[in-house]
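The structure appears below as structure tokens.
The values are calculated or read from the model by the stated rules, or taken from the named source; none is laboratory data. Because the structure is a prediction, the values reported are computed rather than measured. All Cβ positions, even for glycine, are placed from backbone atoms using ideal geometry, and neighbour counts span all protein chains on display.
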Amino acid sequence: MIGTDPEFFILDDKGKPVPAWKFFPPQRQKILIGQAGALFRDGYALEVNATPESCRGRFGNEVKGSLKHALAMLPKDYSFTSSPAVRIDLNDMNDAPPDCQIFGCDESLNAYTQKSSSVNLDAYDHPFRYAGGHMHISGSNCRFLESDADKFLFVKLCDLFVGLPLAYLFDDEANVQRRKYYGRAGECRFQKYPDGTTGIEYRTPPPQLWNDQRLMGLMFGVFRDLSYRYKVLKTQWNPAWEPMIQDAINTGQVPYGLLQTAGGFYTPELLRLIKTGRYFQDFQFIADPDDCHIGFGDWAMATYPYEWHKLQGREVGRYGPEPVNAPLRIGEPL
């Protein structure tokens, strides 16, 4: 099963950040959206808690429905932003409720140091607030994670195949600012969910993951596929890559040669075309009227048919021929 609990900031009709506590309750009083999930404030931001799903299309539709419900609760011409960092008016803190008076994140683990840490910032003095596009995987997808070492390696694979492409596509100053404190390479939590299942929360991605349903579908597809391919990829991992991966994500300076091919999903060249074309840069997820079952493959086939066909195995790709259902491949970073 895949899940998510992304955070979004609210903007008023002039584009100024507004605290979520003006409109949304704390988690203990969360607003339930049918079977789709829940809404509540998480400090300055709105958090969308999605119901776990096996299908990316249904999953996306549920998150989109929850965000539309949340948008309807805001004043006219207010909006959401997927920016990972916003500068706030510290005067807003004068009426902050108790649950929003501190940076309240629980401790996170780091897959590279295998240690836990938390952010120690003064909410009354620090002028920025941060949001993430957290990704969850649980249930049968995680049965292969028999030890903490396997869990940490899975997160490192997520960095290579999900975190790096997102850092490459979104290399803006807001992401650099966020990664000083949150969402650094390898950030994760080992979770036990209310239904008793266990899983992993991958906390490195920014909320821009949700800019577009096609981008969301692409990245959650790779994320889920990593769980299917883990036993093969585990044997290919080279610890010598780890400093390069961490530095690239944390600084936002991702060398093209570090990008991989994910069979059936993307090539480095396809990622380059997305970046240079500035696709998926704006937060269009709510406004897009299409069903989320219309995904990345449909878009890529129409926009870049040559590169998409090459990815599907009709020509030799960057790391060799890629049959339609080929496992994800690790190519040596340059």
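Scanning the range 5-14 for residues that are more than 23 Å from the chain's Cα centre (by Cα) and either buried (at least 20 other Cβ atoms within 10 Å of the Cβ) or under 14 Å from SER82 (Cβ atoms) (or both) yields no hits at all. Criterion applied to VAL176, VAL232, VAL162 was being in contact with a strand residue (DSSP E or B) (Cβ under 8 Å, 6 or more places away or on another chain) and either β-branched (Val, Ile, Thr) or more than 30 Å from LEU273 (Cβ to Cβ) (or both), and the one residue passing it is VAL162. Of all residue pairs spaced 6 or more apart or on separate chains, none has beta-carbon atoms under 6 Å together with a first member in the range 298-309 that is touching a residue at least 12 places away in the same chain (Cβ under 8 Å) and within 17 Å of GLY263 (Cβ to Cβ) and a second member that is hydroxyl-bearing (Ser, Thr, Tyr) and assigned to a helix (DSSP H, G or I).
Anything in the range 80-91 that is of a type in the set (S, T, N, Q) and either surrounded by fewer than 12 Cβ atoms within 10 Å (Cβ to Cβ) or touching an Asp or Glu at 6+ places or on another chain (Cβ under 9 Å) (or both)? List them, or say none. First the steps, then the outcome.
So in the range 80-91, the residues of a type in the set (S, T, N, Q) come out as 81-83, 91.
Result: SER82, SER83, ASN91.
Looking only at strands (runs of 3 or more DSSP E) that lie completely in the range 98-192, which have at least 2 residues being buried (at least 21 other Cβ atoms within 10 Å of the Cβ) and touching a residue at least 12 places away in the same chain (Cβ under 8 Å)? Fully inside the range 98-192 and qualifying: 128-130, 135-138, 187-192. Pairs please, first residue from the range 227-245 and more than 20 Å from ARG184 (Cβ to Cβ) and hydrophobic (A, V, I, L, M, F, W, C), second anywhere and part of a helix (DSSP H, G or I) and modelled with pLDDT of 90 or more, Cβ atoms under 8 Å, 6+ apart in sequence or on different chains. From residues that are more than 20 Å from ARG184 (Cβ to Cβ) and hydrophobic (A, V, I, L, M, F, W, C), the pairs are LEU233/LEU157; LEU233/LEU226. Take the range 15-45 and flag every residue that is charged (D, E, K, R), modelled with pLDDT of 95 or more and part of a helix (DSSP H, G or I). Matches in the range 15-45: LYS22 only.
Every test in (1) closer than 17 Å to PHE103 by Cα; (2) crowded, with 21+ Cβ neighbours inside 10 Å is passed by PRO26 save one, and that test is (2).
A residue that is aliphatic (A, V, I, L, M) and over 25 Å from ILE137 (Cα atoms) cannot be found anywhere in the range 41-63.
A search for C-beta distances below 6 Å between a residue of the range 57-70 that is in contact (Cβ under 8 Å) with a residue 60 or more places away in the chain and any residue that is acidic (Asp, Glu), counting only pairs 6+ apart in sequence or on different chains, returns PHE59/GLU53.
Results for (1) under 19 Å from ALA131 (Cβ atoms); (2) in contact (Cβ under 8 Å) with a residue 24 or more places away in the chain; (3) crowded, with 22+ Cβ neighbours inside 10 Å, shown as yes or no for each residue.
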position	(1), (2), (3)
GLY3	yes, yes, yes
TYR44	yes, yes, yes
ALA72	no, no, no
TYR78	yes, yes, no
